[in-house]
Each structure stands twice: as C-alpha cells, then as structure tokens.
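*Asks:* Have a look at the structure that comes next, please.
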Amino acid sequence: MGSKVKFGKKATGDFPGGRMAASLLRHPGVMGPLLGVPALVVFGQREGWMLPLVVAGALAVVLVAWGLKSPASLRNVVGYRVKGWSRRWFRYAPRWWFWMGRLGLSVTDEMTGWILRPRILKVRSTGCIDSLLLDLPLGVRADQVVEAIEDLRHAAKARRVSVRETEPGRVWVDFYTADPLRKTVALFPHPTRLRVQDLDNLILGYCEDGTPWRVKVVGRHIFVCGVTGAGKSSILWALLWALAPYIHAGLVVVHGIDPKGGMELEWGKELFERYECDDYDAMAELLEADADYLDDRTKLLRGKARTFTASRETPFVLIVIDELMQLTVLLPGTEGRRISARIDVALGRLLGKGRAPGYSVFATSLLVTKDVVTWRELFPTKIAMRLDNEAQVEMSLGEGARDRGAECDRIPESMPGVAYVLQEGRKEPVRVRASYVDDDQIRHMATTFGTHTAIHADAVTVPLINPNTVTGDLVEEGEAA
Ligand SMILES: Nc1ncnc2c1ncn2[C@@H]1O[C@H](COP(=O)(O)OP(=O)(O)OP(=O)(O)O)[C@@H](O)[C@H]1O
C-alpha cells in the first residue's frame with residue numbers, strides 16, 4: 001500500500017515558485033530597496049561615504065524636525081506608508097498564495113491550466129488596521145471572500161476582519177490588528193472658533209480604525225439602544241459636550257425629557273431650554289408644543305430654504321429623550337396609556353417631517369421592539385450598543401447587520417460606550433466608542449455653557465472653556481490611543 005504523504009519536491013505539488021518570485025520581483029516596491037541598497041554600497045565604496053552620510057544626516061534632521069512640529073502628520077504621511085510597505089512585502093505577500101489556496105479562493109483557467117487567486121493591489125496601514133485591496137479573478141466573488149472572514153482572521157491572527165466591496169471585482173479586506181477602543185476615550189477639546197457647518201461633523205469619540213467618530217445631527221434623528229450599563233448616557237453627554245458651545249452661542253436649543261425622574265439629565269439641566277423629569281403630562285405637552293413649532297417653522301421656511309442652516313433667529317432644536325420605553329409602554333393605568341398615545345402621535349409628527357425645519361430627536365431605549373419604538377424606521381441614525389441577542393441587533397441596525405459585522409451581542413460588559421453604527425456610504429457597520437464625560441465634567445459644562453449664560457454677540461466666536469481645565473487625558477488629534 002503506497003503512502004499518501006509526499007516528501008521533498010513532490011510535497012509542494014504544482015507550486016509555481018518561479019512565477020511567484022517573478023511577480024514579486026516585477027514590483028518596484030520590492031525591486032527598489034533590493035537594488036537600491038547594493039547600489040548605495042557600491043557607490044560608497046567607489047566614491048567615498050561622505051555624500052551618502054550627508055544625505056542620510058539631512059534626511060534624519062528633516063524627519064526629526066517634522067516629528068517635533070507635527071508628529072501626527074509625520075506618522076500619517078511617512079510612518080504609515082513605511083508600515084504599509086513592510087506589511088505588504090514581509091507579512092502578507094509571502095503567505096498570500098498559500099492562504100488563498102487553503103481557503104478555496106482560487107479558480108483554474110481552463111485554457112492555460114493556471115491557478116488564479118486574488119491579487120494584492122495595495123496595502124494601507126494605520127496604527128490598528130492593515131487594509132488590503134484585492135483584485136478578484138473571474139470566478140471568485142466578493143461574497144466568497146466574506147465567507148472566508150473567520151479563516152482569514154485565523155490565518156492573520158487578527159482581532160477582527162471585515163470585507164468591503166468598492167467596485168465589481170475589487171474588495172478591501174481590513175485586518176484589525178490592535179483595538180484602539182479598549183481604553184476609555186477622553187473628551188475632544190472644543191473648537192476655538194465655531195462654524196455652523198461643523199454641526200454636521202460633531203465628534204463623539206473614536207472609530208475602530210482610530211479616526212474620530214463624526215456624527216451629523218442637524219436633520220438626522222438619532223436612536224440609541226443598549227442594555228442597562230451599555231453606556232447610552234455617554235453618547236448623550238458626548239453629543240451635548242460637542243453641542244455645548246453652540247448652545248452657549250444661541251445657535252442650538254435643547255429640550256430634555258428624562259422620564260426616569262431626572263436621574264440622568266438633571267446633571268446638566270442648565271443646558272436645556274425646556275426640561276421635564278417628573279410630570280408625564282408635561283412631557284407629552286412639550287413634545288406636542290415642539291411638533292406645533294415645527295409646523296410653524298416649516299411654514300416660515302417654505303419657499304425660502306430647502307436645507308436648514310442654524311442661526312440665532314432659527315436655532316437648531318434638539319429634543320433629547322432619555323429612555324423612550326418609559327414613555328411608550330411603561331406609563332401605568334388608563335391615563336398613562338392616554339399620555340403614551342399622545343406622545344406617540346407627537347413623536348410621529350416630529351420624526352415624519354423632513355430634514356429642512358431644523359428639529360431633531362435624540363432618543364435612547366433599552367429595547368428596540370416595535371411596541372417600544374413605534375417609529376423605529378423614522379430614525380435615520382441608529383446606534384446599537386451592547387445588546388442581548390442577535391435579533392435585537394437586526395431590529396436596531398436592519399436586516400443582515402449582524403452578518404455584516406455588528407456584533408453588539410458580543411460587546412463585553414467591561415467596554416461600556418462601545419457601539420456599532422451605520423455610516424453614510426458604507427454597508428458595513430462601524431465599531432465606535434463614545435468619549436466618557438464624568439459627573440464633574442457634566443457639571444462644569446452645564447454651568448459654563450448653560451442657557452442662562454447664553455451670549456448674544458454679533459460674531460459667532462465665543463469664549464470657550466480651556467479644555468485643559470477639564471479632567472481626562474486629551475487624545476492626540478486624528479487617532480485613538
Ligand atoms: N464611553 C464610556 N467609556 C467608559 N466608561 C463608560 C462609558 N459610558 C459609560 N461608562 C461606564 O459605564 C457605566 C454605565 O453606563 P451608563 O449609565 O451610561 O449606561 P446606560 O446604558 O445609560 O445604563 P442605564 O440604561 O442603566 O441608564 C457608567 O457608570 C460608566 O462608569
């Protein structure tokens with residue numbers, strides 16, 4: 001009986017070593033350094049080492065000066081490119097052929113008999129991600145790469161892997177090597193000059209790729225869901241932190257409703273122009289009044305502006321409801337049900353109007369079922385934090401979100417403030433973590449920026465608090481710790 005184990009040359013089967021080496025050598029990313037270093041040595045031996053040393057010294061001085069002036073830009077422009085290059089040629093390229101073969105991501109060309117596998121076109125690296133752009137041969141589909149995610153993660157020993165299809169036949173595979181969200185995210189400093197258009201770009205924390213998590217709030221209703229202790233309030237306070245200078249300048253008005261008896265919003269009540277925490281009837285009235293104002297504003301702006309721009313005459317109004325479930329299903333008795341029905345109608349009126357009038361609702365909830373959030377579909381921005389099961393994830397972020405990577409049911413209890421969000425232009429959910437605003441910082445913000453201190457100067461430049469007077473480490477601009 002012959003042995004099935006092959007040894008020596010036969011063990012590699014039809015492994016096309018020569019073709020692989022040729023394809024590596026054809027690339028300037030490999031050939032440049034491969035030829036450059038010996039050429040430099042030959043030059044040094046023939047012409048003397050003075051010139052190479054002077055050039056190397058000048059380069060070192062430029063890099064040190066650049067690093068001292070702007071470490072972030074040196075890291076982005078030089079550091080990450082060098083890292084991407086070394087990752088490509090020393091980490092991924094040598095293994096890629098084997099990985100693709102093992103994971104069944106190959107096809108055989110009938111005419112030539114060649115085995116075709118996804119080719120690496122580009123590698124981009126940051127502090128925590130290696131992104132590989134792949135060219136897929138005809139016969140290997142993007143969804144086959146998606147199916148191989150778990151195996152790729154295993155092969156690369158990555159923390160997580162995700163796949164993005166950018167155009168037919170091309171996919172980016174992101175290998176998450178480190179987790180920038182593992183540590184609590186500090187607050188971002190307020191800008192020194194307010195610009196109304198920055199309301200579309202408020203920074204609430206960091207994304208998993210280390211970039212700031214930016215949220216558009218004007219014209220976007222936001223719904224946050226998560227089990228108790230998931231950190232819903234950190235998103236609420238991070239948003240109010242980002243809005244605080246605008247509130248102070250009179251460009252934004254916030255109405256707060258805290259049906260949990262003021263346990264949360266009371267801390268920053270000076271930020272709210274209207275605030276209800278005890279009387280459910282008054283909460284319904286507040287929402288109804290806002291829905292009426294919204295109708296009036298729609299008439300006021302009709303024919304004048306199709307997109308809303310906040311001003312002191314027509315400020316952007318944010319209605320914050322901390323724990324919607326308390327209002328929609330938990331109010332007791334007949335009177336409670338009557339108030340819930342009024343709240344439901346008022347919310348429907350607020351959520352149903354387009355983005356033009358400058359009113360947005362920000363609501364949090366423990367549960368995301370239809371009876372709790374009747375108007376779930378009317379919240380364009382959904383933020384899903386730690387949840388109990390996959391069904392809740394699908395209800396929060398939509399069908400298929402769990403399969404595309406929104407693993408809310410796997411967020412550990414030890415990481416409050418972590419969430420998955422859907423961002424414009426991306427099918428795949430993005431993992432983020434909100435900045436943490438502690439009680440002292442909330443009090444400091446409320447007293448500094450509260451509505452009673454609102455200024456009405458002509459210039460939209462406002463005196464801001466010095467971010468260094470608030471506690472917490474300020475994280476370097478552009479990338480998480
Ligand atoms: N972004 C964050 N970073 C670090 N720690 C956080 C963050 N958010 C919350 N925490 C911590 O987690 C705890 C629970 O958070 P929080 O009260 O915000 O949860 P919640 O979802 O609002 O819960 P509940 O529904 O019970 O009000 C907080 O006491 C805080 O210590």
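*Asks:* Count, please, the residues in the range 385-413 that happen to be buried (at least 22 other Cβ atoms within 10 Å of the Cβ) and at positive phi.
*Replies:* Residues that pass the stated criteria total 0.
*Asks:* Please give the number of the condition residue 330 fails out of (1) assigned to a helix (DSSP H, G or I); (2) closer than 19 Å to residue 370 by Cβ.
*Replies:* (1)
*Asks:* Return yes when residue 155 is at pLDDT 90 or above, hydrophobic (A, V, I, L, M, F, W, C) and either more than 16 Å from the chain's Cα centre (by Cα) or over 20 Å from residue 98 (Cβ atoms) (or both) and no when it is not.
*Replies:* yes
*Asks:* Among the residues of the range 137-173, write down those that are touching a Lys or Arg at 6+ places or on another chain (Cβ under 7 Å) and crowded, with 21+ Cβ neighbours inside 10 Å.
*Replies:* Result: 161, 171.
*Asks:* Do we find a residue being of a type in the set (Asp, Glu), farther than 30 Å from residue 143 by Cα and more than 13 Å from the ligand (Cβ to nearest atom) anywhere in the range 385-406?
*Replies:* no
*Asks:* Looking at this structure, is residue 219 under 16 Å from residue 317 (Cβ atoms), in contact with a Leu (Cβ under 9 Å, 6 or more places away or on another chain) and not polar (S, T, N, Q)?
*Replies:* no
*Asks:* Name the pairs whose Cβ atoms lie under 7 Å apart, with the first residue in the range 183-200 and not assigned by TED's automatic domain parsing to the domain that holds residue 437, the second among the charged types (D, E, K, R) and within 16 Å of the ligand (Cβ to nearest atom), and 6 or more positions between them or separate chains?
*Replies:* Close Cβ pairs satisfying both conditions: 185/433; 186/473.
*Asks:* Oh, and also: Could you list, in sequence order, all residues of the range 40-58 that are aliphatic (A, V, I, L, M) and touching a helix residue (DSSP H, G or I) at 6+ places or on another chain (Cβ under 7 Å)?
*Replies:* If the condition is that a residue be aliphatic (A, V, I, L, M) and touching a helix residue (DSSP H, G or I) at 6+ places or on another chain (Cβ under 7 Å), then 40 is the only one that fits.
*Asks:* Restrict the check to the range 243-257 and report whether at least one residue is within 16 Å of the ligand (Cβ to nearest atom), under 26 Å from residue 340 (Cα atoms), modelled with pLDDT of 90 or more and assigned by TED's automatic domain parsing to the domain that holds residue 449.
*Replies:* Yes; the residues of the range 243-257 include at least one that is within 16 Å of the ligand (Cβ to nearest atom), under 26 Å from residue 340 (Cα atoms), modelled with pLDDT of 90 or more and assigned by TED's automatic domain parsing to the domain that holds residue 449.
*Asks:* Looking only at the range 209-242, count how many residues are more than 16 Å from the ligand (Cβ to nearest atom) and closer than 18 Å to residue 343 by Cβ.
*Replies:* Total meeting the criteria: 1.
*Asks:* If you check residue 99 against the conditions, is it modelled with pLDDT under 90, hydrophobic (A, V, I, L, M, F, W, C) and part of a helix (DSSP H, G or I)?
*Replies:* no
*Asks:* Let me ask something else about it. Please go through the range 425-441 and give me each residue that is without any contact (Cβ under 8 Å) to a residue 60 or more places away in the chain and over 25 Å from residue 400 (Cβ atoms), ordered by number.
*Replies:* Matches in the range 425-441: 438, 440.
*Asks:* Across the range 370-384, which residue is surrounded by the most Cβ atoms within 10 Å (Cβ to Cβ) among those that are farther than 13 Å from residue 348 by Cβ and away from the ligand (no atom under 16 Å from the Cβ)?
*Replies:* 381
*Asks:* I'd like to verify a number: residues in the range 125-164 that are touching a residue at least 60 places away in the same chain (Cβ under 8 Å), not in a helix (DSSP H, G or I) and not β-branched (Val, Ile, Thr), how many?
*Replies:* 5
*Asks:* Do you know which of the residues in the range 185-236 that are among the hydroxyl-bearing types (Ser, Thr, Tyr) and surrounded by 18 or more Cβ atoms within 10 Å (Cβ to Cβ) is farthest from the chain's Cα centre (by Cα)?
*Replies:* Among them, the one singled out is 233.
*Asks:* Let me ask you something else. Would a scan of the range 427-440 turn up a residue that is in contact with a strand residue (DSSP E or B) (Cβ under 7 Å, 6 or more places away or on another chain), at pLDDT 85 or above, over 28 Å from residue 271 (Cα atoms) and in a loop (DSSP other than H, G, I, E, B)?
*Replies:* Yes, that holds for at least one residue.
*Asks:* Checking the condition within 28 Å of the chain's Cα centre (by Cα), closer than 20 Å to residue 178 by Cα and surrounded by fewer than 16 Cβ atoms within 10 Å (Cβ to Cβ), which residue from 86, 125 passes?
*Replies:* Matching residue, one of 86, 125: 86.
*Asks:* With 311, 360 as the choices, which residue is at pLDDT 90 or above and either under 28 Å from residue 241 (Cβ atoms) or surrounded by 17 or more Cβ atoms within 10 Å (Cβ to Cβ) (or both)?
*Replies:* 360
*Asks:* Go through the range 178-205 and count every residue that is polar (S, T, N, Q) and modelled with pLDDT of 90 or more.
*Replies:* Residues that pass the stated criteria total 1.
The values are calculated or read from the model by the stated rules, or taken from the named source; none is laboratory data. Since we're looking at a predicted model, the values are computed, not measured. So basically every Cβ, Gly included, is an ideal-geometry build from the backbone, and we count neighbours across all protein chains shown.
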